[in-house]
Amino acid sequence: MEEDKVFTSDGSVNIHGRPAFAATSGKWKACSFLLGYEVFERMAFYGVASNLVVYLTTQLHEDTVTSVRNVNNWSGSVWIIPILGAYIADSFLGRFWTFTISSLIYVLGMGLLTAAVSFKSLKPSCENGVCRKATTMQTIFFYSSLYIIALGSGGTKPNISTFGADQFDDFDSKEKRLKDSFFNWWLFSSFTGALFATVGLVYIQENCGWGLGYGIPTIGLLISLIIFYLGTPLYRHKLRNGNSPTGDLIRVFITAFAKRKYELPRNLSGLHELEPQQYLNTGKRQIYHTPNLRQLNMQIVLESRFLDKAAIQKDGENTGTRPPCTVTEVEGAKIMLRLAIIWLATLIPSTIWAQINTLFIKQGTTLDRHIGSSNFQIPAASLGSFVIISMLVSMPIYDKIFVPLMQKRTGHPQGITLLQRLGIGFVFQIIAIGVSYFVEAKRIHIIKMHHILGPKDMVPMSIFWLMPQYVLLGVGDVFNTVAMVEFFYDQSPVEMQSLGTAYFTSALGVGNFLNSFLVTMVDKVTRSNGGKSWIGSNINDSHLDYYYGFLSVLSTINIGAFVWVASKYIYKKEYSREGQEGCFEMKDKT
């Protein structure tokens, strides 16, 4: 028992593989090194993403649809490659070493991108105000740099936040409470880096040079990595059991299909499961069978009955070619399947978020960007700072006012459930895209009044008309982004939490790809038979309001589907050791 007071209770180890000391490792003193990295990493990412559509149209001279598609495809890759990074971490290298290798790739990509926008031989040349299109070699070098960044980010993004959460012992009630606020502060650090990028870096890029605008975050990212590695002696690491959790997940489906004709025993306690002591010895966590099947929807019933067959044990089968899965492995597969259903409902909202770095900015480039009567013009991408500012203002209000108020009303420790928080965020997004529709309709009305025809002609309408939609998205993000990160991490089986975090990033990635697909298809359909494209190269002669209206309809339908799915969701059970070893207490995480 004395050992429990010295070492962590969750089996964490230090960098050398020895048990981690509870008093001198982990917690916020370790996380401070990670939060510093997040500030600089987000500064680097948003320093590229926020103004990329402007660079593609003004420097590489791409048209609107092509530039939007390329930005979405790159952003989609940035957010979907984390699935690969999570798989490598969970199955082979662990979170720390996957992050270490990937972060070096990230810095390499940033360095190459800085070179691509700095050296004359690597970017299009201009003579007498006439700029040539980028050569094939220049285009390949530029996009190769971008996708090297995407590859590096794919290994860091799902592992750094999960690694930060690993610094808190789930079996220690004090540390468990500390971890509850970790994701909020993690997002706060992310917002801080993004704010600097959207306010400072985009201005530097457009007025002082793209090379300097990309070079600053590259150097900052390198410094943050040095700071991160200085904290190595303090970090806690989760032990891997040697098996691939993804492989175990796939084996459940394969085994269930192989046993699809088997009859389930009437007493489900007869399904194959290890003794609780074996889980204690290996550091894994046992998940009990999903209860109350009659209270679940049909999808969950069918999922449970089918997958339960993977745990059917026949005499002598342990020595056969297909040994039965354990109930814990089957329940892990059920959890990931249920998370996938929620994940599907997050894709349409992610397409709305994709507008921030694409069409919203293209709108902004046509509007009056002067502040007062001065000659100073704000970059169109800087309006994205209002998303960040509204997040930074809203987060303390949410944490200090909204949560305590809802705790009194609901009795829930977090005020509302994670899925309720996610749904509220989606509602804010629907309102934001609705406001975008009306603002764009007003912009088009002014264009017609003043007979504006040219793609570069300024519309006599202040860019700050776009501010409400940015603010609404920022407030909504306080609800849905934090909820998505925490929900997919918290609800995943412990051995698959990097993969669970990748659910969040991949939702954003697929949302960007989906927006790229929608933009391309809408452009083709609306321009067919001699029609006018809704998203033409000349957006002063287009109808972005129709596209925003289309997204509003999709989002409204999606929120209905989300509410139905969320109402049927069964939260994961957590088990904590209290008192004597081997005793588990079951708690609902709702």
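The values are calculated or read from the model by the stated rules, or taken from the named source; none is laboratory data. Worth saying up front: this structure is predicted, and the values here are computed from it rather than measured. Note that each Cβ is placed from the backbone with ideal geometry, even for glycine, and that neighbours are counted across all protein chains shown. Remember, those area values only see protein heavy atoms, side chains included, never the ligands or the DNA or RNA. Shrake-Rupley method; radii C 1.70, N 1.55, O 1.52, S 1.80 Å.
List of remarks:
- Overall, the ratio between the Cα radius of gyration of region 351-403 and 2.2 N^0.38 Å, rounded to two decimals, is 1.47.
- Computed on the chain, with alpha-carbon pairs under 8 angstrom and 6+ residues apart, the relative contact order is 21 percent.
- Working ranking of peptides 435-441, 188-194 by packing, defined as the average number of other Cβ atoms within 10 Å per residue, highest first, is 188-194, 435-441.
- Computed 3J(HN,Hα) for region 549-565, one whole-Hz value per residue from the Karplus formula 6.51 cos²θ - 1.76 cosθ + 1.60 where θ = phi - 60°, is x, 4, 5, 4, 5, 4, 5, 5, 4, 5, 5, x, 5, 4, 4, 5, 5, glycine and proline marked x.
- Using a probe of 1.4 Å, the accessible surface attributed to Ile101 totals some 90 Å² when neighbouring protein chains are kept in position.
- Total charge dipole magnitude, region 1-110, about the Cα centre, Cβ charges on Lys, Arg, Asp, Glu only, Debye to nearest 20: 160 debye
- Between the residues Phe142, Ser492, Trp28, the greatest Cα displacement towards the positive end of the dipole of the chain, with unit charges on the Cβ of Lys, Arg, Asp and Glu, is found for Phe142.
- Selection from Leu419, His272, Val459, by position along the positive dipole direction of the chain (Cβ): Val459
- Angle between the chain longest axis and helix 182-196 axis [Cα atoms, degrees, rounded to 10]: 20 degrees
- For the chain, the longest principal axis of the alpha carbon atoms and the long axis of helix 327-344 meet at an angle near 20°.
- Per-residue ellipticity at 222 nm from helix content only, as computed over the chain with -39500 (n - 2.57) for each DSSP H run of at least four residues, stands at -20500 deg cm²/dmol.
- Unit Cα scatterers, Debye sum, the chain: log10 I(q)/I(0) for q = 0.08, 0.10, 0.11, 0.12 Å⁻¹: -0.60, -0.90, -1.07, -1.23
- Whether region 470-515 is rounded, prolate or oblate, judged on the alpha carbon gyration tensor where a/c under 1.5 counts as rounded: oblate
- Shape category assigned to region 50-122 from the gyration tensor of Cα positions, a/c cut at 1.5: oblate
- For the chain, the solvent-accessible area works out to 43 Å² per residue, with a probe of 1.4 Å and every protein chain left in place.
- Net charge dipole size for region 468-535 [Lys, Arg +1 and Asp, Glu -1 on Cβ; Debye, nearest 20]: 580 debye
- The 3J(HN,Hα) values that the Karplus relation (6.51, -1.76, 1.60; θ = phi - 60°) gives for region 95-104 are, in residue order, 5, 5, 6, 5, 5, 4, 5, 5, 5, 5 Hz. Gly and Pro appear as x.
- Part-to-part distance (alpha-carbon centres) for region 178-245 and region 449-504, which is given in Å: 19 Å
- Loop-located trypsin sites (Lys or Arg not before Pro) across region 351-460 with a Cβ neighbour count of 14 or fewer within 10 Å are Lys456, with loop assigned by DSSP.
- When the alpha carbon gyration tensor of region 80-167 is reduced to an equivalent ellipsoid, the three semi-axes, largest first, read 36, 11, 9 Å.
- Contour excess over end-to-end distance, with Cα ends at Thr139 and Asp541 and 0.36 nm allotted per residue: 141.9 nm
- Gyration tensor over the Cα atoms of region 57-211: the corresponding equivalent ellipsoid has semi-axes (square roots of 5 times the eigenvalues, largest first) of 37, 18, 13 Å.
- Convex hull projection area averaged over all views, region 418-510, Cα basis, nm²: 7.4 nm²
- ³J(HN,Hα) computed for each position of region 509-515 - Karplus, 6.51 cos²θ - 1.76 cosθ + 1.60, integer Hz, glycine/proline x: x, 5, x, 5, 4, 5, 5
- Surface share of carbon and sulfur [accessible, 1.4 angstrom probe, percent] for the chain: 63 percent
- Nearest-20 debye value, the chain charge dipole, Cβ charges on Lys, Arg, Asp, Glu: 820 debye
- Overall shape: oblate for region 165-235, with the ratio a/c of the largest to smallest alpha carbon gyration tensor axis at 1.5 or above and b/c at least equal to a/b.
- Inter-site label distance for Leu344 and Ser32 at 7 Å from Cα along Cβ, in nm: 4.6 nm
- Per-residue accessible area (protein heavy atoms, 1.4 Å probe) orders Arg18, Arg69, Arg266, Arg95 as Arg266, Arg18, Arg69, Arg95, starting from the largest.
- Helix 210-230 and the longest principal axis of the C-alpha atoms of the chain enclose an angle of approximately 20°.
- Hull-based mean projected area of region 426-474, where the convex hull spans the alpha carbons, in square nanometres: 3.5 nm²
- When only Cα pairs below 8 angstrom with a gap of at least 6 residues are kept, region 330-459 shows a relative contact order of 23 percent.
- For region 396-540, averaging the sequence separation of C-alpha pairs within contact (under 8 Å, six or more residues apart) and dividing by the residue count gives a relative contact order of 23 percent.
- The simple Förster model, with R0 at 22 Å and r as the Cβ-Cβ distance, assigns Tyr571 and Thr410 a FRET efficiency of 0.90.
- Per-peptide packing, taken as the mean over residues of other Cβ atoms within 10 Å, places 487-495, 257-265 in the sequence 487-495, 257-265 from highest down.
- With both labels modelled 7 Å from their Cα along Cα-to-Cβ, the Arg18 to Leu108 distance reads 3.4 nm.
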